[in-house]
Amino acid sequence: MRESTHVIFGLGVGAIVAKMLKMNTLDMGLSLVGSIIIHEIIDYFGHEYHFWQSHPRRLQFTHSIFGVFLIATFLTIIIGLPAFYVNGVGHYLIFWPLLASGLSHLVLDALTPNGVFICGKRVSLRVCRSNNPIANIALQFVGVALLCFAFCRS
Ligand SMILES: [Zn+2]
(Lines give C-alpha, C1' and ligand atoms only; values in the text may rest on other atoms or scores of the structure.)
Protein backbone atom coordinates (compact mmCIF):
# COMPACT_ATOMS: atom_id res chain seq x y z
CA MET A 1 0.00 0.00 0.00
CA ARG A 2 0.99 3.64 -0.27
CA GLU A 3 3.11 5.14 2.51
CA SER A 4 0.33 7.56 3.50
CA THR A 5 -2.15 4.67 3.78
CA HIS A 6 0.20 2.74 6.08
CA VAL A 7 0.74 5.81 8.27
CA ILE A 8 -2.95 6.77 8.59
CA PHE A 9 -4.14 3.18 9.12
CA GLY A 10 -1.26 2.49 11.54
CA LEU A 11 -2.03 5.67 13.50
CA GLY A 12 -5.61 4.47 13.92
CA VAL A 13 -4.55 1.00 15.07
CA GLY A 14 -1.88 2.44 17.41
CA ALA A 15 -4.35 4.92 18.91
CA ILE A 16 -6.90 2.17 19.58
CA VAL A 17 -4.28 0.03 21.38
CA ALA A 18 -2.97 3.05 23.33
CA LYS A 19 -6.54 3.86 24.39
CA MET A 20 -7.15 0.22 25.42
CA LEU A 21 -4.04 0.41 27.62
CA LYS A 22 -5.44 3.63 29.20
CA MET A 23 -2.24 5.53 28.42
CA ASN A 24 -1.58 9.04 29.68
CA THR A 25 -1.26 11.92 27.22
CA LEU A 26 2.56 11.72 26.96
CA ASP A 27 2.61 7.98 26.25
CA MET A 28 -0.25 8.40 23.78
CA GLY A 29 1.75 11.12 21.99
CA LEU A 30 4.93 9.01 21.96
CA SER A 31 2.93 6.06 20.62
CA LEU A 32 1.50 8.13 17.78
CA VAL A 33 4.92 9.53 16.83
CA GLY A 34 6.32 5.98 16.86
CA SER A 35 3.34 4.75 14.84
CA ILE A 36 4.38 7.12 12.05
CA ILE A 37 8.12 6.36 12.21
CA ILE A 38 7.71 2.57 12.21
CA HIS A 39 6.19 2.58 8.68
CA GLU A 40 9.01 4.78 7.38
CA ILE A 41 11.57 2.29 8.74
CA ILE A 42 9.69 -0.78 7.48
CA ASP A 43 9.47 0.55 3.94
CA TYR A 44 12.84 2.39 3.82
CA PHE A 45 14.77 -0.75 4.75
CA GLY A 46 12.20 -3.12 3.27
CA HIS A 47 12.76 -2.82 -0.47
CA GLU A 48 15.44 -3.74 -2.94
CA TYR A 49 15.77 -1.56 -6.02
CA HIS A 50 17.19 -2.87 -9.31
CA PHE A 51 17.32 -0.89 -12.53
CA TRP A 52 15.96 -3.84 -14.54
CA GLN A 53 12.81 -4.12 -12.42
CA SER A 54 9.85 -1.78 -12.79
CA HIS A 55 8.88 -2.22 -9.12
CA PRO A 56 11.12 -2.55 -6.06
CA ARG A 57 11.22 -6.00 -4.46
CA ARG A 58 9.81 -6.30 -0.93
CA LEU A 59 12.33 -7.79 1.51
CA GLN A 60 11.80 -10.31 4.26
CA PHE A 61 13.97 -8.37 6.74
CA THR A 62 11.33 -5.77 7.62
CA HIS A 63 8.17 -7.26 6.10
CA SER A 64 7.95 -10.13 8.59
CA ILE A 65 6.54 -10.53 12.10
CA PHE A 66 10.05 -10.92 13.55
CA GLY A 67 11.30 -7.83 11.68
CA VAL A 68 8.37 -5.73 12.93
CA PHE A 69 8.96 -7.04 16.48
CA LEU A 70 12.62 -5.97 16.30
CA ILE A 71 11.80 -2.53 14.89
CA ALA A 72 9.08 -1.94 17.52
CA THR A 73 11.56 -2.91 20.26
CA PHE A 74 14.24 -0.62 18.79
CA LEU A 75 11.80 2.31 18.52
CA THR A 76 10.49 1.78 22.06
CA ILE A 77 14.07 2.16 23.33
CA ILE A 78 14.93 5.10 21.05
CA ILE A 79 11.71 7.02 21.84
CA GLY A 80 11.22 5.85 25.43
CA LEU A 81 14.73 6.46 26.78
CA PRO A 82 14.90 10.25 26.22
CA ALA A 83 11.41 10.58 27.72
CA PHE A 84 12.58 8.50 30.69
CA TYR A 85 15.48 10.88 31.31
CA VAL A 86 13.12 13.87 31.16
CA ASN A 87 10.54 12.69 33.69
CA GLY A 88 11.98 9.53 35.24
CA VAL A 89 9.04 7.35 34.22
CA GLY A 90 9.41 4.22 32.09
CA HIS A 91 7.58 4.37 28.76
CA TYR A 92 7.90 0.70 27.85
CA LEU A 93 4.12 0.41 27.32
CA ILE A 94 4.46 2.29 24.01
CA PHE A 95 5.87 -0.98 22.62
CA TRP A 96 2.33 -2.38 22.19
CA PRO A 97 0.86 0.42 20.03
CA LEU A 98 4.08 0.41 17.98
CA LEU A 99 3.90 -3.35 17.49
CA ALA A 100 0.20 -3.18 16.55
CA SER A 101 0.87 -0.34 14.10
CA GLY A 102 3.77 -2.27 12.56
CA LEU A 103 1.71 -5.45 12.27
CA SER A 104 -1.04 -3.46 10.54
CA HIS A 105 1.61 -2.67 7.89
CA LEU A 106 2.03 -6.40 7.28
CA VAL A 107 -1.74 -6.96 7.11
CA LEU A 108 -2.17 -4.24 4.47
CA ASP A 109 0.86 -5.38 2.45
CA ALA A 110 -0.43 -8.98 2.59
CA LEU A 111 -3.40 -7.78 0.49
CA THR A 112 -1.04 -6.97 -2.42
CA PRO A 113 0.46 -9.42 -4.95
CA ASN A 114 3.96 -8.87 -3.47
CA GLY A 115 2.74 -10.05 -0.06
CA VAL A 116 4.68 -10.31 3.20
CA PHE A 117 6.70 -13.04 4.91
CA ILE A 118 5.21 -15.33 7.56
CA CYS A 119 7.62 -17.98 8.92
CA GLY A 120 9.90 -17.39 5.91
CA LYS A 121 7.14 -17.99 3.36
CA ARG A 122 5.70 -15.28 1.16
CA VAL A 123 2.01 -14.79 1.95
CA SER A 124 -0.16 -12.81 -0.43
CA LEU A 125 -3.96 -12.54 -0.50
CA ARG A 126 -3.81 -10.76 -3.91
CA VAL A 127 -6.82 -8.57 -3.16
CA CYS A 128 -5.46 -5.45 -4.85
CA ARG A 129 -2.27 -3.80 -6.08
CA SER A 130 -0.45 -1.50 -3.68
CA ASN A 131 -1.21 1.58 -5.81
CA ASN A 132 -4.94 0.83 -6.19
CA PRO A 133 -6.57 4.23 -5.49
CA ILE A 134 -9.90 2.85 -4.24
CA ALA A 135 -8.26 0.42 -1.81
CA ASN A 136 -5.90 3.13 -0.53
CA ILE A 137 -8.69 5.67 0.02
CA ALA A 138 -10.92 3.05 1.69
CA LEU A 139 -8.12 1.96 4.05
CA GLN A 140 -7.24 5.58 4.85
CA PHE A 141 -10.90 6.15 5.68
CA VAL A 142 -10.81 3.13 8.04
CA GLY A 143 -7.66 4.58 9.67
CA VAL A 144 -9.34 7.96 10.25
CA ALA A 145 -12.43 6.17 11.62
CA LEU A 146 -10.24 4.21 14.06
CA LEU A 147 -8.53 7.47 15.14
CA CYS A 148 -11.91 9.14 15.70
CA PHE A 149 -13.14 6.09 17.62
CA ALA A 150 -10.01 6.16 19.85
CA PHE A 151 -10.25 9.86 20.62
CA CYS A 152 -14.00 10.37 20.70
CA ARG A 153 -14.76 7.51 23.07
CA SER A 154 -14.31 8.51 26.70
ZN1 LIG B 1 5.54 -2.14 3.13
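The values are calculated or read from the model by the stated rules, or taken from the named source; none is laboratory data. Values in this document were obtained by computation on a predicted structure and should not be read as measured data. Backbone-built Cβ (ideal geometry, glycine too); neighbour counts: all protein chains shown.
Taking the residues in the stretch 3-12 that are in contact with a Leu (Cβ under 9 Å, 6 or more places away or on another chain) and farther than 10 Å from His105 by Cα as candidates, determine which candidate is surrounded by the fewest Cβ atoms within 10 Å (Cβ to Cβ).
Of the stretch 3-12, the ones in contact with a Leu (Cβ under 9 Å, 6 or more places away or on another chain) are 5-6, 8-12.
Filter again for farther than 10 Å from His105 by Cα, leaving 8, 11-12.
On the way: Ile8: 22, Leu11: 24, Gly12: 25.
Among those residues, the one meeting the criterion is Ile8.
Does Gly80 qualify as being more than 16 Å from the ligand (Cβ to nearest atom), farther than 18 Å from Ser124 by Cα and part of a helix (DSSP H, G or I)? Considered against the rule, which asks whether it is more than 16 Å from the ligand (Cβ to nearest atom), farther than 18 Å from Ser124 by Cα and part of a helix (DSSP H, G or I), Gly80 comes out as yes. Scanning the stretch 15-64 for residues that are surrounded by 15 or more Cβ atoms within 10 Å (Cβ to Cβ), in a helix (DSSP H, G or I) and within 16 Å of the ligand (Cβ to nearest atom) returns Ser35, Ile36, Ile37, Ile38, His39, Ile41, Ile42, Asp43. Among what's in the stretch 120-154 and is free of Cβ contacts under 8 Å to residues at least 12 places away in the same chain and in a loop (DSSP other than H, G, I, E, B), pick the residue that is nearest to the ligand (Cβ to nearest atom). In this case the residue turns out to be Asn132. With the condition kept exactly as written, say whether any residue in the stretch 59-81 is closer than 20 Å to Val13 by Cβ, modelled with pLDDT under 95, touching a strand residue (DSSP E or B) at 6+ places or on another chain (Cβ under 6 Å) and not hydroxyl-bearing (Ser, Thr, Tyr). The answer is yes, given that some residue of the stretch 59-81 is closer than 20 Å to Val13 by Cβ, modelled with pLDDT under 95, touching a strand residue (DSSP E or B) at 6+ places or on another chain (Cβ under 6 Å) and not hydroxyl-bearing (Ser, Thr, Tyr).
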